[in-house]
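Asker: This is the structure, below, for whatever I ask next.
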Amino acid sequence: MHRYEIILYWSNEDEAFIAEAPELPGCTAHGDVQEEALKNIKDAMQLWIDTAGELGRPVPDPKGERLMYA
């Protein structure tokens, strides 16, 4: 289980729930319901981490605290 922060919100433009893992740049997913978006982001996070490893790129450690946005 990964301990990265996940941001989950409704997008009127996409007409879907969007999930983002901001500590993993570009890692996003969507779903028709919150549960689906959450499942999809977990899959996307694992794929992001696996791909970074295969390419020899660093995987950031989770910060373990709430990220701040303004």
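The values are calculated or read from the model by the stated rules, or taken from the named source; none is laboratory data. Everything numeric in this text was worked out from a predicted model, so none of it was measured. Using ideal geometry, Cβ is built from the backbone for each residue, glycine included, and neighbour counts are taken over all protein chains shown. With ligands, DNA and RNA removed, areas are computed over all heavy atoms of the protein, side chains included. Shrake-Rupley method; radii C 1.70, N 1.55, O 1.52, S 1.80 Å.
Asker: Exactly one condition in (1) part of a helix (DSSP H, G or I); (2) surrounded by fewer than 11 Cβ atoms within 10 Å (Cβ to Cβ); (3) touching a residue at least 40 places away in the same chain (Cβ under 8 Å) is false for GLU54; which is it?
Answerer: Result: GLU54 fails condition (3) only.
Asker: Residue by residue through region 1-46, note down the ones that are in contact with a Cys (Cβ under 8 Å, 6 or more places away or on another chain) and of a type outside the set (Asp, Glu). Don't jump to the end; show me each part of the working.
Answerer: Step one: filter region 1-46 for residues in contact with a Cys (Cβ under 8 Å, 6 or more places away or on another chain), giving 20-21, 41, 44-45.
Answer for region 1-46, where residues must be in contact with a Cys (Cβ under 8 Å, 6 or more places away or on another chain) and of a type outside the set (Asp, Glu): ALA21, ILE41, ALA44, MET45.
Asker: Another one. How about region 27-48: which of its residues are outside any helix (DSSP H, G or I), of a type in the set (A, V, I, L, M) and either surrounded by 13 or more Cβ atoms within 10 Å (Cβ to Cβ) or modelled with pLDDT under 95 (or both)?
Answerer: Within region 27-48, ALA29 is the sole residue that qualifies.
Asker: Six or more apart or on different chains, Cβ atoms under 6 Å: show the pairs whose first residue is in region 1-20 and without any contact (Cβ under 8 Å) to a residue 12 or more places away in the chain and whose second is surrounded by 14 or more Cβ atoms within 10 Å (Cβ to Cβ) and assigned to a strand (DSSP E or B).
Answerer: TYR9/ILE18; TRP10/PHE17
Asker: Let me ask another. I'm told GLU65 meets every condition in (1) open to solvent by 80 Å² or more (accessible area, probe 1.4 Å); (2) in contact with a strand residue (DSSP E or B) (Cβ under 9 Å, 6 or more places away or on another chain) except one. Can you identify the failing condition by its number?
Answerer: (2)
Asker: Right, another one. Which of (1) surrounded by 11 or more Cβ atoms within 10 Å (Cβ to Cβ); (2) part of a helix (DSSP H, G or I) does LEU8 not meet, given it meets every other one?
Answerer: (2) is the only condition that LEU8 fails.
Asker: I want to confirm something. Restricting to region 11-25 and keeping residues that are touching a strand residue (DSSP E or B) at 6+ places or on another chain (Cβ under 9 Å) and closer than 24 Å to VAL59 by Cβ, which single residue is surrounded by the fewest Cβ atoms within 10 Å (Cβ to Cβ)?
Answerer: Among those that are touching a strand residue (DSSP E or B) at 6+ places or on another chain (Cβ under 9 Å) and closer than 24 Å to VAL59 by Cβ, it is PRO22.
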